[in-house]
Amino acid sequence: MDERVVESLGSFLKEHLEADVAFCIAERLNVSAEEAMGIYYGSKIAEAVEEGSLGMQYLPASYLADEVLKNAASASARILRP
């Protein structure tokens, strides 16, 4: 395998992981795919997956979706506190 093949395989896997995470979010929150993608791409998890930080791109989509939703809930709670 040459370097181009490895790079395009990595991109392919990352795109499918992102779609799977968004699907999990959409299912759990009962929202549209577009809304779920917005939630995912607005998260720090999406940044970490994109950068390949700490092997995040190798974690299961369901785990990443849980983390996105936990982080979103924490952020909302901080905003709502007086």
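The values are calculated or read from the model by the stated rules, or taken from the named source; none is laboratory data. Source: prediction; values computed, not measured. Neighbour counts are summed over all protein chains in view; Cβ atoms, including those assigned to glycine, are modelled from backbone coordinates with ideal geometry.
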Exercise. Find all pairs meeting these conditions: Cβ atoms under 7 angstrom apart; at least six residues apart or on different chains; first residue within the stretch 34-57 and under 13 Å from residue 72 (Cα atoms); second residue assigned to a helix (DSSP H, G or I) and polar (S, T, N, Q).
Key: 43/71; 44/71; 45/71
Practice problem: Sort through 74, 62 and tell me the only one that's at pLDDT 95 or above, among the hydroxyl-bearing types (Ser, Thr, Tyr) and in a helix (DSSP H, G or I). | Solution: 62
Quiz item: Is it true that some residue in the stretch 45-53 is within 26 Å of residue 11 (Cα to Cα), touching a Phe, Trp or Tyr at 6+ places or on another chain (Cβ under 6 Å) and modelled with pLDDT under 95?
Solution: yes
Practice problem: Would you be able to say whether some residue in the stretch 4-17 is assigned to a helix (DSSP H, G or I), modelled with pLDDT of 90 or more and closer than 18 Å to residue 70 by Cα? | Solution: no
